[in-house]
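Please treat every number below as a calculation from the coordinates, not as lab data. Keep in mind that this is a model prediction, so the values were computed, not measured. A quick note on method: Cβ atoms are made from the backbone with ideal geometry, for glycine too, and the neighbour counts reach across all protein chains shown.
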Amino acid sequence: MRRFLTAVLVAASLFGASACADDKPAPVSSPGTAAAPAPSGSTEAKAVCAEFDKVFNGKARTDLATAIGGVLTARAGKDAAKTQAAETKLRDALTALETQITTVGAVAADPAVKAAFDQVAANVRQSGVDLAFLEGVTKLAELEAKLTPVLLSWIMPLARICP
């Protein structure tokens, strides 16, 4: 799980670096969290967690960083059409991540592992509904402060499954 937490902090920094070329304001809100299922030390769970680690730290993160940067830049420009297009791209990136997480979790035989991955996918999906995690963000420090709890809420269902 330490790798995931490290990934969360690195992702927040990367998201911030690519997203904050502009220091203009955007709106504020926060996501919910979910309880973690019982621990699972099985070899299968470790393999599924390793695959999740590849997804979470791969192209999906880069795509999210780029999309978040696009939204913040578009919001700063005050052009409603560009903002809507950028938000659509971000929602698409979140949907792609959700799909990848669902695919990774689908191979698990353990129902607790599957349920944890389903919850992570649902957490990602919920973030794309209103993009509330970007509200009020104008600076890198604000993005990190908003994004870190969101990313943690996404992966918390895996805390006891993926050591």
Legend entry - Two-site label geometry, THR99 and ALA145: point separation in nm, points 7 Å out along Cα→Cβ: 3.6 nm
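Can you compute the equivalent ellipsoid semi-axes for the stretch 73-163, i.e. the square root of 5 times each eigenvalue of the Cα gyration tensor, sorted largest first and rounded to whole Å?
Values: eigenvalues 172, 48, 12 Å².
In descending order, the three semi-axes are 29, 15, 8 Å.
Net charge around VAL107, counting only other residues with Cβ within less than 11 Å of its Cβ (Lys, Arg = +1; Asp, Glu = -1)? Could you put the intermediate results ahead of the total?
On the way: positive: LYS114; negative: GLU44, GLU51, ASP110.
Once all neighbours under 11 Å are counted, the net charge is -2.
Taking square-rooted eigenvalues a ≥ b ≥ c of the alpha carbon gyration tensor, is the stretch 70-111 rounded, prolate or oblate, where a/c under 1.5 means rounded and, failing that, a/b exceeding b/c means prolate?
On the way: a/c = 6.54, a/b = 4.86, b/c = 1.35.
The shape class here is prolate.
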Legend entry - Cut-off 14 Å between beta-carbons: net charge of the residues surrounding ALA47, Lys and Arg +1, Asp and Glu -1: -1
Inset, instruction - Pop the C-beta distance of THR66 and LYS46 into the FRET formula with R0 = 30 Å and round what comes out to the nearest 0.05. - result: 0.45
Legend entry - Protection proxy ranking, peptides 60-70, 46-56, 79-89, average beta carbon neighbours within 10 Å, highest first: 60-70, 46-56, 79-89
Legend entry - Nitroxide proxy distance, nm - points 7 Å out along Cα→Cβ at ALA115 and ASP130: 2.8 nm
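Tally Lys and Arg at +1 and Asp and Glu at -1 over the other residues with C-beta under 9 Å from the C-beta of LEU131: what net charge comes out? Before the final figure, lay out each step's value.
Details: positive: ARG91; negative: GLU87, ASP130, GLU135.
The answer is -2.
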Legend entry - Loop GluC sites (Glu not before Pro), the stretch 106-151 (other Cβ atoms within 10 Å of the site Cβ: 16 or fewer; DSSP): GLU135
